[in-house]
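Please read the structure below before turning to the comments.
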Amino acid sequence: MARLTRRSILAASAALVLADPIRLSAHVSGTERPALPIPPEIRADANGQISLTAQSGHMTFLPGTSTPTLGINGNYLGPTVRVRRGDNVTMSVANALDQDITMHWHGAIVPGDVDGGPHSVITPGSTWRAPLEIAQPAATIWYHPHVYPTTAELVVRGLAGLFLIDDDESDQLGLPSRYGIDDIPLVLQDRRFQPDGQIFHRMNLTAITTGYFGDVMLVNGARAPIARTAQGWLRFRILDGSNARNYNLAASDGRSLYVIASDGGLLDAPVELKVLPIHAGERFEVLVDARDGTPFDLIAEPVDQPIMRLPPFDETLSIVSIVPELSGGYGGLPDQLAALPAIPTSLPAVSQDLVATMSMDQQGMAALRNAGLMGMSQDGPADPNVVERVVSLFTDGPALSEQTQLAANGINGVPFSLQMTPFPVPRGQPLRWSISEGSDQMAHPIHIHGCQFRVVRYNDGSVPAYLAGWKDTVNIESAGSAEVLVTFPFAAPANFPYMAHCHVLEHEDSGMMTQFSVS
Ligand code: C2O
Ligand code: CU
């Protein structure tokens, strides 16, 4: 296990050696691993208000280099919002930046006018107040800006945070619940740095085709951190907060991951996995047995997509080391979790198709193919020459004109526009929607606002047990498809419609989004 850790870090440093200047960020010190930062919790004040301020800051991600960042009530990322089912809270979001933002509660089941989508712009210097009635079960949801077409850039620079909902049912299960001790938040993000230390981001042909791919792995804003936890059962609340990257998560010593919750809350029973795939925007809560006190790493195994196998993701990568040495693990693994409603045997007819479509992917993929992308070995380290050519398409390709960017991708062949007529959806009725992709073979984690849905068909087959609970984001790839059973309990007026979009933020910001009203 320790050997694996060292080897993984060496893989990251090896990338440094063959790097062109823009990839210098891959350096990770083998001796000084930072402690896992735990974002502070924020609860409603005496007036029921939770105050968030989007601000600029600085972080030292690279030794001796200051990186300009964005954060919420801090330098990078934001506090963990903590509320209870039944609460009425007012989210107060101040914009101390010099550009427009919004703040979206991803996974919250709330009306369209407080959802924080692209129509709820918070201009520089102003404050937006969103009263939220928390009417959904315990869950790990999150928040981030949702401005069109600059969400990707705002998130990559640091604007995002966790949002935890508690309730009586989940409290009674005896799950590990000491925040930061045996209940550990993990925000997974990949980043790439310019030589001057700035976080690289550019909307060019490669970015709008494949989405962002970084060469530095951050967990809660730290590289290869160590978490000192309780010795006992541990609960990890994992958010894939990357702009585009998906991960195959596992434990370095092969111990099981027991998935207890997906995007919208608890599963009906734990699902034991050795490898957990997670995609941009998704959350899973996972229990791991660390009663023996033996340290282990959470690792990312290479995924089966060439673009996601660029170093250091071409080999098993340690993303966080767990040292279970603190006293007293109190929680355990229950047999049963939540009572989820059964999926009805007769489903409504499909009333909406959402097809992720791309119009420049041929062009984008041709350039990547010419660079040798498809020849990248499926096993073992990537060929450094291919890596250099592919990465330089991403780092050196010129930004697209805004007009080209906004027309590049779509839903059902139509690029998003704030002015497009929202399609009407009936409120409070079970609906079956179909999600699929056009001719491209990309991965598209599709997210729908205003709901938690159930996946009722996945790639023409049965739904894997860990995806069978409440979800708000479902990944499709390799000509895949999904059908979801969804009800929208709240209204979304035409001027504050809900969004449905790809959570690869570079796809979203280049048109792969649509909007709908609910009444
Ligand atoms: Cu996490 Cu519409 O976004
Ligand atoms: Cu996509």
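The values are calculated or read from the model by the stated rules, or taken from the named source; none is laboratory data. All values derive from a computational prediction rather than experimental measurement. Positions of Cβ are generated from backbone atoms using ideal geometry, with glycine treated the same way; all protein chains shown enter the neighbour counts. What goes into the accessible areas is simple: the full protein's heavy atoms, side chains included, and nothing from ligands, DNA or RNA. Shrake-Rupley method; radii C 1.70, N 1.55, O 1.52, S 1.80 Å.
Brief remarks follow.
- Number of the condition not met by TRP470 [criteria: (1) open to solvent by 30 Å² or more (accessible area, probe 1.4 Å); (2) away from ligand 1 (no atom under 16 Å from the Cβ)]: (2)
- Output for the stretch 52-95, where each listed residue is small (Gly, Ala, Ser) and either open to solvent by 70 Å² or more (accessible area, probe 1.4 Å) or within 23 Å of PRO137 (Cα to Cα) (or both): SER56, GLY64, GLY78, GLY86, SER92
- From the options GLY375, GLY329, residue that is over 26 Å from the mean Cα position of the chain (by Cα) and open to solvent by less than 50 Å² (accessible area, probe 1.4 Å): GLY329
- Residues of the stretch 151-177 classified as assigned to a loop (DSSP other than H, G, I, E, B), under 25 Å from ASP98 (Cα atoms) and hydrophobic (A, V, I, L, M, F, W, C), total: 2
- Residue within the stretch 482-496 that is more than 16 Å from ligand 1 (Cβ to nearest atom), open to solvent by less than 10 Å² (accessible area, probe 1.4 Å) and either out of contact with any Gly (no Cβ under 8 Å at 6 or more places or on another chain) or within 30 Å of MET308 (Cβ to Cβ) (or both) present: yes
- Given (1) open to solvent by less than 20 Å² (accessible area, probe 1.4 Å); (2) within 16 Å of ligand 1 (Cβ to nearest atom), index of the condition VAL455 fails: (2)
- Qualifying residue in the stretch 149-172 (condition: crowded, with 22+ Cβ neighbours inside 10 Å, within 16 Å of ligand 1 (Cβ to nearest atom) and hydroxyl-bearing (Ser, Thr, Tyr)): yes
- Residue list for the stretch 178-201, restricted to those being open to solvent by 10 Å² or more (accessible area, probe 1.4 Å) and in a loop (DSSP other than H, G, I, E, B): ARG178, GLY180, ILE181, GLN194, PRO195, ASP196, GLN198, HIS201
- Taken as a whole, the condition of being touching an Asp or Glu at 6+ places or on another chain (Cβ under 9 Å) and without any contact (Cβ under 8 Å) to a residue 24 or more places away in the chain applies to GLN362.
- Residue match in the stretch 488-508 (condition: of a type in the set (Asp, Glu) and free of Cβ contacts under 8 Å to residues at least 24 places away in the same chain): no
- Checking each residue in the stretch 339-375 for being among the hydrophobic types (A, V, I, L, M, F, W, C) and closer than 20 Å to VAL484 by Cα picks out ALA339, LEU340, ALA342, ILE343, LEU347, ALA349, VAL350, LEU354, VAL355, ALA356.
- Taken over the stretch 409-443, residues that are within 11 Å of ligand 2 (Cβ to nearest atom), over 13 Å from GLU508 (Cα atoms) and among the polar types (S, T, N, Q) amount to 0.
- Within the span defined as the stretch 44-53, one or more residues are in contact with a strand residue (DSSP E or B) (Cβ under 9 Å, 6 or more places away or on another chain), without any contact (Cβ under 8 Å) to a residue 40 or more places away in the chain and not in a strand (DSSP E or B).
- Every pair of residues 6+ apart whose Cβ atoms lie under 6 Å, when the first sits in the stretch 244-262 and is farther than 30 Å from LEU340 by Cα while the second is of a type in the set (Val, Ile, Thr) and in a strand (DSSP E or B): SER252/ILE299
- For VAL390: the one exception among (1) within 15 Å of ligand 2 (Cβ to nearest atom); (2) open to solvent by less than 40 Å² (accessible area, probe 1.4 Å): (1)
- Counting only strands (runs of 3 or more DSSP E) wholly contained in the stretch 296-387, the ones carrying 3 or more residues that are within 20 Å of ARG255 (Cβ to Cβ) occupy 296-301, 317-326.
- If the condition is being without any contact (Cβ under 8 Å) to a residue 60 or more places away in the chain, within 14 Å of ligand 1 (Cβ to nearest atom) and either assigned to a loop (DSSP other than H, G, I, E, B) or acidic (Asp, Glu) (or both), then the stretch 62-115 contributes THR102, MET103, ALA108.
- Any hit, the stretch 408-428, residues being of a type in the set (Gly, Ala, Ser), over 30 Å from ALA135 (Cα atoms) and open to solvent by 50 Å² or more (accessible area, probe 1.4 Å): yes
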